[in-house]
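The values are calculated or read from the model by the stated rules, or taken from the named source; none is laboratory data. Because the structure is predicted, anything quoted here is derived from the model rather than measured. Neighbour counts are summed over all protein chains in view; Cβ atoms, including those assigned to glycine, are modelled from backbone coordinates with ideal geometry.
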Amino acid sequence: MDKTDAGCRLYLITPERIDLQAFRDDFARALDAGEVACVQLRLKGIDDDAIRRAAECLCPIAQARDVAFLLNDRPDLARATGCDGVHIGQEDASYDEARRIVGPGGIVGVTCHDSRHLAIEAAERGADYVAFGAFFPTTTKDAKGHPEPEIIEWWSEMMEVPCVAIGGITATNCAPLVRAGADFLAVLGAVWHHPDGPAAGVKAMNKGITEAPEQQGSS
């Protein structure tokens with residue numbers, strides 16, 4: 001999850017509920033359809049055993065394709081199931097606890113909503129990335145922050161720690177975030193709810209990311 005010369009990259013978040021047997025095939029097809037940097041397994045309202053089974057099933061699929069695989073909220077289960085790291089919110093495990101559990105080589109990303117203070121604090125503590133959002137309306141969760149793309153521009157100019165933009169991002173609205181300097185775009189609905197399927201969603205998002213600088217140049 002480092003800054004690279006590759007520019008902005010796609011970061012997939014799974015739906016909160018999945019039928020693991022059916023989802024596994026869609027998941028593999030989505031990762032094979034285009035460039036994906038990272039996947040976050042974000043399951044809600046299910047027990048630890050179900051989370052563990054999902055992680056143990058999906059993590060190897062991602063890692064075989066050189067895609068980082070993170071677990072939402074639970075550094076303990078992330079470590080136990082061989083994930084590459086964990087994503088934590090402001091109300092989850094503390095950064096220090098997450099880092100202690102996943103170790104120095106694990107990825108720890110931190111939700112920072114629309115707060116520059118929280119982002120700087122996370123970066124100074126050693127976070128591997130900070131996440132800003134929600135930039136657009138989303139039905140996935142109740143957003144506690146609604147930043148403008150300017151916060152990404154400010155961050156990319158000031159800090160070396162990568163930033164993730166999240167919240168209602170699609171292939172048609174992502175251009176301002178790409179041009180502002182987002183290192184990763186975190187998406188859920190734009191891929192998993194794409195009318196032509198997840199693989200088409202990945203292709204569309206990558207096309208949107210690639211064409212964003214061209215849209216700037218033609219404006």
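Give all pairs with beta carbons closer than 8 Å in which a residue from the stretch 100-116 that is farther than 14 Å from TYR129 by Cα meets a residue that is aromatic (Phe, Trp, Tyr) and modelled with pLDDT of 95 or more; count only pairs at least 6 apart in sequence or on separate chains.
ASP114/PHE132
Would you check which residues across the stretch 164-201 are more than 17 Å from THR138 (Cα to Cα), touching a Lys or Arg at 6+ places or on another chain (Cβ under 9 Å) and outside any loop (DSSP other than H, G, I, E, B) and list them?
Result: PHE184, PRO198, ALA199.
Does ALA28 satisfy the criteria of being part of a helix (DSSP H, G or I) and within 16 Å of the chain's Cα centre (by Cα)? Spell out the reasoning first.
On the way: part of a helix (DSSP H, G or I): yes; within 16 Å of the chain's Cα centre (by Cα): no.
Here the answer is no, as ALA28 does not meet what is asked.
Okay, residues lined up against (1) touching a residue at least 40 places away in the same chain (Cβ under 8 Å); (2) within 18 Å of PHE184 (Cβ to Cβ):
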{"site": "GLU124", "(1), (2)": "no, no"}
{"site": "ALA131", "(1), (2)": "yes, yes"}
{"site": "TRP154", "(1), (2)": "no, yes"}
{"site": "GLU157", "(1), (2)": "no, yes"}
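When you scan the stretch 106-137, how many residues do you find that are closer than 13 Å to GLN90 by Cβ, of a type in the set (Gly, Ala, Ser) and under 17 Å from the mean Cα position of the chain (by Cα)?
Within the stretch 106-137, residues that are closer than 13 Å to GLN90 by Cβ, of a type in the set (Gly, Ala, Ser) and under 17 Å from the mean Cα position of the chain (by Cα) number 6.
If you check PRO104 against the conditions, is it closer than 20 Å to MET205 by Cα, surrounded by fewer than 20 Cβ atoms within 10 Å (Cβ to Cβ) and of a type outside the set (A, V, I, L, M, F, W, C)? Lay out the reasoning, then the answer.
Values: closer than 20 Å to MET205 by Cα: no; surrounded by fewer than 20 Cβ atoms within 10 Å (Cβ to Cβ): yes; of a type outside the set (A, V, I, L, M, F, W, C): yes.
For PRO104, the condition - closer than 20 Å to MET205 by Cα, surrounded by fewer than 20 Cβ atoms within 10 Å (Cβ to Cβ) and of a type outside the set (A, V, I, L, M, F, W, C) - is not met.
Take the residues of the stretch 108-155 that are surrounded by 21 or more Cβ atoms within 10 Å (Cβ to Cβ) and of a type in the set (Val, Ile, Thr): which is nearest to LEU70 (Cα to Cα)?
VAL108
So for the stretch 146-162 (the condition being over 15 Å from the mean Cα position of the chain (by Cα) and under 24 Å from LEU43 (Cα atoms)), does at least one residue qualify?
yes
In this structure, does ASP92 turn out to be of a type in the set (Asp, Glu), assigned to a loop (DSSP other than H, G, I, E, B), at pLDDT below 95 and within 30 Å of LYS207 (Cα to Cα)? Working first, answer last.
Working: of a type in the set (Asp, Glu): yes; assigned to a loop (DSSP other than H, G, I, E, B): yes; at pLDDT below 95: yes; within 30 Å of LYS207 (Cα to Cα): no.
So ASP92 fails the test.
Given ALA55, ALA68, ALA93, ALA62, which one is touching a strand residue (DSSP E or B) at 6+ places or on another chain (Cβ under 9 Å) and in contact (Cβ under 8 Å) with a residue 60 or more places away in the chain? Before the answer, list the steps.
Working: ALA55 fails: in contact (Cβ under 8 Å) with a residue 60 or more places away in the chain; ALA93 fails: in contact (Cβ under 8 Å) with a residue 60 or more places away in the chain; ALA62 fails: in contact (Cβ under 8 Å) with a residue 60 or more places away in the chain.
Answer to the selection: ALA68.
Mind listing whichever residues of the stretch 15-37 are acidic (Asp, Glu) and either crowded, with 19+ Cβ neighbours inside 10 Å or in contact (Cβ under 8 Å) with a residue 40 or more places away in the chain (or both)? Break it down stepwise before answering.
We begin by selecting, within the stretch 15-37, every residue acidic (Asp, Glu); these are 16, 19, 25-26, 32, 35.
GLU16, ASP26, ASP32, GLU35, listed by residue number.
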